[in-house]
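Engineer: Shown below is the structure under consideration.
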Amino acid sequence: MSRDGPACLSEKGQTMILTKEQQAEVAANRKRYEELKAAGQGHAPRALPPPTPRDGAAIAASAIIHREIVPGGWYWTTRLNRGEALRLVNTGGKSCISLLAWSAADTSERLNHADTVKVQWAASLRKGRVILSDMGRVLFSIVEETTGGAHDALAGASTVATNEARYHTTTLRNTRDNFILAAGKLGLDRRDVHPCISFFAPVNVDAEGRFQWDASRRQAGDFIDLRAEMDVLVALSNCPHPLDASLTYATGDAEIVRYRAGRVGDNDLCRTASAEAARAFENNAFFLNSSSEA
């Protein structure tokens, strides 16, 4: 079919041909989206900073609460209190750390990767961005980050099926099963396992909307710091990403550092980087005030 012909979409293995009216509707929706995106980004009062140097942002020894090494293929769970932070470290340069999180006060509120992307008009998770819940509140602020956004909030994580397709075996550990086990340890079950965000997963989207893996953006010593903005339950899985081009199941240890974050001021970058983030923090404030009065 000519590229100048009617647009086609692949949906569940089938090809759908769009009429001229449908193409016009798609174009109009796209135009409206770009207008809203430009308006949203135009209201951002502060530009995001460059990546944190890999040898920068040292954590004071007195602030460290716990250190954990998560071997390749395994998972880890914790409860993180508001004002505490996790540093996730790609120690050997081969780790992919996937994240799920739930509000500790009400686990029906959980990380929402789609809102995290669309509310901030960006899929690039960098220093200054926030990670949102499905209630429009901030679960985490990204307070340090070394890669400039080489993470994945779109493609998801590994399963038995993706492992079999890549490595031709069903015996290797995968993130979906890890999260089911992790949920059980947190008093949850498989219905509470929702779409995740994966760190140190350099997934790009090309001009045609296809996912591309860029291994050059992932290096040993990379880290990202997530500051909890409410009490949360956390599950992490350290398994290869399904788009990782390597044909061998190679993932290294990941280091997790839990620490007390510094005092947060009104001019905090994550709180003021965009109008959307500011509104999300207002939702947090209303929720926290209501909880303290209950």
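The values are calculated or read from the model by the stated rules, or taken from the named source; none is laboratory data. Quick caveat: nothing in here was measured; it's all calculated off a predicted structure. In this analysis, Cβ positions are derived from the backbone assuming ideal geometry, glycine residues included, and neighbour counts consider all displayed protein chains. Areas reflect the complete protein model, heavy atoms only, side chains present, ligands, DNA and RNA absent. Shrake-Rupley method; radii C 1.70, N 1.55, O 1.52, S 1.80 Å.
Engineer: Do the conditions hold for Arg166, that is, is it more than 30 Å from Glu276 (Cβ to Cβ) and either within 20 Å of the chain's Cα centre (by Cα) or in a loop (DSSP other than H, G, I, E, B) (or both)?
Structural biologist: no
Engineer: Take Glu208 and decide whether it is open to solvent by 30 Å² or more (accessible area, probe 1.4 Å) and either more than 25 Å from Asp177 (Cα to Cα) or at pLDDT 95 or above (or both).
Structural biologist: So Glu208 passes the test.
Engineer: What number goes with the only condition from (1) over 15 Å from the mean Cα position of the chain (by Cα); (2) surrounded by 22 or more Cβ atoms within 10 Å (Cβ to Cβ) that Ser198 does not pass?
Structural biologist: Answer for Ser198: the failing condition is (1).
The rows are residues; the columns are (1) free of Cβ contacts under 8 Å to residues at least 24 places away in the same chain; (2) of a type outside the set (Ser, Thr, Tyr).
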{"residue": "Pro202", "(1), (2)": "no, yes"}
{"residue": "Asp206", "(1), (2)": "yes, yes"}
{"residue": "Arg210", "(1), (2)": "yes, yes"}
{"residue": "Glu229", "(1), (2)": "no, yes"}
{"residue": "Ser237", "(1), (2)": "no, no"}
{"residue": "Pro240", "(1), (2)": "no, yes"}
{"residue": "Leu243", "(1), (2)": "no, yes"}
{"residue": "Leu247", "(1), (2)": "no, yes"}
{"residue": "Tyr259", "(1), (2)": "no, no"}
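Engineer: Regarding segment 142-154, can at least one residue be identified that is open to solvent by 10 Å² or more (accessible area, probe 1.4 Å), among the hydrophobic types (A, V, I, L, M, F, W, C), outside any loop (DSSP other than H, G, I, E, B) and touching an Asp or Glu at 6+ places or on another chain (Cβ under 9 Å)?
Structural biologist: Looking through segment 142-154, at least one residue is open to solvent by 10 Å² or more (accessible area, probe 1.4 Å), among the hydrophobic types (A, V, I, L, M, F, W, C), outside any loop (DSSP other than H, G, I, E, B) and touching an Asp or Glu at 6+ places or on another chain (Cβ under 9 Å).
Engineer: When you scan segment 78-93, do you find a residue that is over 17 Å from Leu236 (Cα atoms), aliphatic (A, V, I, L, M) and open to solvent by less than 20 Å² (accessible area, probe 1.4 Å), even just one?
Structural biologist: no
Engineer: Among the residues of segment 252-277 satisfying the criterion of being within 19 Å of the chain's Cα centre (by Cα) and in a loop (DSSP other than H, G, I, E, B), which is nearest to Ser62 (Cα to Cα)?
Structural biologist: Among residues in segment 252-277 that are within 19 Å of the chain's Cα centre (by Cα) and in a loop (DSSP other than H, G, I, E, B), the one nearest to Ser62 (Cα to Cα) is Ala273.
Engineer: Looking at Ala250, Ala215, which is the one that is closer than 30 Å to Ile180 by Cβ, at pLDDT below 90 and surrounded by fewer than 20 Cβ atoms within 10 Å (Cβ to Cβ)?
Structural biologist: Residue meeting the stated conditions: Ala250.
Engineer: Hey, another quick one. Every residue in segment 229-244 that is surrounded by fewer than 24 Cβ atoms within 10 Å (Cβ to Cβ) and in a strand (DSSP E or B), please.
Structural biologist: Result: Leu233, single match.
Engineer: Quick one: in segment 1-49, of everything that is among the acidic types (Asp, Glu), at pLDDT below 85 and open to solvent by 100 Å² or more (accessible area, probe 1.4 Å), which residue is farthest from the chain's Cα centre (by Cα)?
Structural biologist: Filtering segment 1-49 down to residues among the acidic types (Asp, Glu) leaves 4, 11, 21, 25, 34-35.
If we keep only those that are at pLDDT below 85 too, we end up with 4, 11, 34-35.
Add one more test, that the residue is open to solvent by 100 Å² or more (accessible area, probe 1.4 Å), and what stays is 4, 11.
On the way: Asp4: 37, Glu11: 25 Å.
Filtering segment 1-49 for residues that are among the acidic types (Asp, Glu), at pLDDT below 85 and open to solvent by 100 Å² or more (accessible area, probe 1.4 Å), the one farthest from the chain's Cα centre (by Cα) comes out as Asp4.
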